[in-house]
Structures are given as structure tokens and as C-alpha cells.
Amino acid sequence: MVKLVCPKCGLPLEVEDDVLDGELIEHDCGTIFEVKKINGVLKLEEFNEPMEDWGE
Ligand SMILES: [Zn+2]
């Protein structure tokens, strides 16, 4: 497991070692994050409900 800190509530947040870029994780506080893997470094980006636009 990789230990991160939830940017929203500040509590520990664990993700799988093999988590994929773009994977969604819901923290205990109810916030959903999208995992970003940049150069092997994991970052959490708050995920907002997609409207109809899945572009990119
Ligand atoms: Zn949280």
C-alpha cells in the first residue's frame, strides 16, 4: 500500500501499489479522487461528477 494524505480532510489515505493512472478512489470522508501517476509519483485530484463530457 502507498500511504498518502487526503488533501480534503487531512487524514491518511492508502492506495494500492498497483493503482492505475486515472483510477477513482473514494476516501472515508466521502470525497472521490482521481489518481494521477506522474513519473511514478502518485497525486490525488479531486474528482467532480462528470457531466457528459468525457473528453481529453
Ligand atoms: Zn478525506
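Assorted remarks:
- Between Glu16 and Met51, the C-beta separation translates, for a Förster distance of 22 Å, into a calculated FRET efficiency of about 0.20.
- Charge dipole (Cα centre; +1 on Lys/Arg Cβ, -1 on Asp/Glu Cβ; no other charges) of the chain amounts to roughly 380 debye.
- Working note: Cα gyration tensor of the chain, eigenvalues times five, square-rooted, sorted largest first, giving semi-axes of 19, 15, 9 Å.
- Amide H contacts under 5 Å for Glu23, placed H, 5+ residues apart: Val35
- For His27, net neighbour charge (Lys/Arg +1, Asp/Glu -1) across residues whose Cβ lies under 11 Å away: -3
- Mean separation of Cα contacts under 8 Å, 6 or more apart, over the residue count of the stretch 2-46: relative contact order %: 26
- Summing charges over all other residues whose Cβ lies under 14 Å from the Cβ of Lys8, with Lys and Arg as +1 and Asp and Glu as -1, gives -4.
- Spatially proximal aspartates and glutamates relative to Lys8 (Cα-Cα < 14 Å; intrachain offsets below 8 disregarded): Glu26, Asp28, Glu34, Glu45, Glu46
All of the numbers you see were taken from the coordinates with simple rules; none came from a lab. All figures in this text were calculated on a predicted structure; none of them were measured in a lab. All Cβ positions, even for glycine, are placed from backbone atoms using ideal geometry, and neighbour counts span all protein chains on display.
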